[in-house]
Amino acid sequence: DVVEKTQTAIRIRTEFDGASYVAYRGFFPTDTSSIGGGIQLTEVIFSIFGLSKTDGGGSIGVIKTTQASGTDLVAADFDNMTVDNPTEGATRISIASYSTSGYNDFTLNADGRAFVNVSGTTFLGVRTNEDMTDTTPAGTADDTRCSSSDEAGTTQDPKLVVTIATGAFIFNIL
């Protein structure tokens with residue numbers, strides 16, 4: 001497992017070349033502690049700014065990750081999650097419809113809203129459907145890239161918009 005840190009792009013990919021299986025997973029920790037306990041989340045939208053794609057007919061989805069730190073990613077975090085058939089936090093986005101010049105919005109469902117830690121760090125991840133279901137990709141790789149928070153400026157940063165009964169919080173991803 002290889003950890004790519006401080007990159008301006010995050011890659012989410014699966015590929016099978018006949019001999020080996022390759023998977024890239026995106027990790028998006030966010031400090032959501034300022035929401036505070038006892039708050040009802042009415043809507044949560046997680047957005048990633050698309051840069052490129054190769055469509056092998058698949059999709060990408062949002063899951064909860066459980067890496068050890070909200071500020072550092074290590075190789076052991078790659079499998080530190082529900083690997084096969086994890087609970088998904090939103091409807092998947094097909095790679096065919098994935099924007100490479102704007103935001104791709106995941107509106108979190110009830111499970112996804114439960115991923116939000118209102119008194120700490122929220123750990124979201126993005127994986128391809130083949131990676132989540134442990135299915136060997138057929139033919140062309142499914143590959144997407146999105147901006148990371150290390151991209152210059154903030155106009156393409158991943159973001160988490162949390163709406164509560166009395167307003168909204170907007171978080172830039174760490």
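The values are calculated or read from the model by the stated rules, or taken from the named source; none is laboratory data. Worth saying up front: this structure is predicted, and the values here are computed from it rather than measured. Glycine also receives a Cβ, built like all others from the backbone with ideal geometry; neighbour counts cover every protein chain displayed. The area values use the complete protein model at the heavy-atom level, side chains included, leaving out ligands, DNA and RNA. Shrake-Rupley method; radii C 1.70, N 1.55, O 1.52, S 1.80 Å.
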Quiz item: Yes or no: VAL118 buried (at least 20 other Cβ atoms within 10 Å of the Cβ), in contact (Cβ under 8 Å) with a residue 24 or more places away in the chain and not hydroxyl-bearing (Ser, Thr, Tyr)?
Solution: no
Practice problem: Collect the residues in the stretch 20-54 that are among the basic types (Lys, Arg) and either modelled with pLDDT of 95 or more or touching an Asp or Glu at 6+ places or on another chain (Cβ under 6 Å) (or both), keeping them in residue-number order. | Solution: LYS53
Quiz item: Taking the stretch 58-67, which residues are open to solvent by less than 60 Å² (accessible area, probe 1.4 Å) and in contact with a Phe, Trp or Tyr (Cβ under 9 Å, 6 or more places away or on another chain)?
Solution: SER59, ILE60, GLY61, VAL62, ILE63, THR65, GLN67
Practice problem: Filter the stretch 12-42 down to residues that are among the hydroxyl-bearing types (Ser, Thr, Tyr) and in a loop (DSSP other than H, G, I, E, B) and give me whichever is nearest to the chain's Cα centre (by Cα). | Solution: THR32
Self-check item: Lone qualifier among LEU41, LEU124, LEU108, LEU51 - being in contact with a Pro (Cβ under 9 Å, 6 or more places away or on another chain) and either under 28 Å from ALA19 (Cβ atoms) or aliphatic (A, V, I, L, M) (or both)
Solution: LEU124
Exercise. Taking only the stretch 132-154 into account, find how many residues are open to solvent by 30 Å² or more (accessible area, probe 1.4 Å), in contact (Cβ under 8 Å) with a residue 40 or more places away in the chain and on the phi < 0 side of the Ramachandran plot.
Key: 8
Quiz item: Among the residues of the stretch 31-57 satisfying the criterion of being among the small types (Gly, Ala, Ser), open to solvent by 30 Å² or more (accessible area, probe 1.4 Å) and out of contact with any Gly (no Cβ under 7 Å at 6 or more places or on another chain), which is farthest from VAL162 (Cα to Cα)?
Solution: GLY57
Quiz item: Yes or no: ASN129 at negative phi and touching a Pro at 6+ places or on another chain (Cβ under 9 Å)?
Solution: no
Quiz item: Which one of LEU160, LEU124 is modelled with pLDDT of 95 or more and in contact with a helix residue (DSSP H, G or I) (Cβ under 8 Å, 6 or more places away or on another chain)?
Solution: LEU124
Exercise. Determine the pairs where a residue that is within 30 Å of ALA76 (Cα to Cα) and of a type in the set (Gly, Ala, Ser), located within the stretch 24-44, has a partner that is in a loop (DSSP other than H, G, I, E, B) and open to solvent by less than 20 Å² (accessible area, probe 1.4 Å) with Cβ atoms under 7 Å apart, the partner being 6 or more residues away or on another chain.
Key: SER33/GLY120
